[in-house]
Amino acid sequence: MVLTNDKLYKNEYEMETLIENIEYLNLNVILTTQKLTIPFCVKYIMNSRYQTEQDEKDITLSDIIEKQPNLKKTELIQYLVNPDNKIFN
């Protein structure tokens, strides 16, 4: 299944589906429309490899916390410092 940004506004998708389609999607649209996990945000949203558009390069930790109220800032920072922490994996 190939996803488009428009589809993200209409449905919520599993992390695996988002990962499979990451190259076709805008990271800001993903961040705004989907319920994400901390590992996903760090591995994909904050990863310069996937930030191809300028608006994607401008995403901050504050943006993630604001658009993903299900995530806690302290846990996000903890994951950034230690991504191997078993709490998240």
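Structure data summary
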| quantity | calculated |
| --- | --- |
| Dipole magnitude of the chain about its Cα centre (Cβ charges: Lys, Arg +1; Asp, Glu -1), debye to nearest 20 | 280 debye |
| Lys/Arg +1, Asp/Glu -1 at C-beta; the chain dipole; positive extreme among Asn70, Asn26, Asn47 | Asn70 |
| Sequence of Met1, Met46 once ranked by neighbouring C-beta atoms within 10 Å, starting from the fewest | Met1, Met46 |
| Eligible aspartates and glutamates near Lys72 by straight Cα distance, threshold 15 Å, same-chain separation 8 or greater | Asp63 |
| Entries in Lys7/Lys43; Lys35/Lys73; Lys10/Lys35; Lys7/Lys35 that, when Cα-Cα distance is taken, lie over 18 Å | Lys7/Lys43 |
| Label assignment, Rg and Dmax of the Cα atoms in Å derived from the structure, set (i) 13.8, 43; (ii) 13.1, 43; (iii) 12.5, 35 | (iii) |
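No lab work stands behind these numbers, since they all come straight from the coordinates. Small disclaimer: the values here were computed from a predicted structure and weren't measured. Cβ coordinates were reconstructed from backbone atoms using ideal geometry, including for glycine residues, and neighbour counts include every protein chain displayed.
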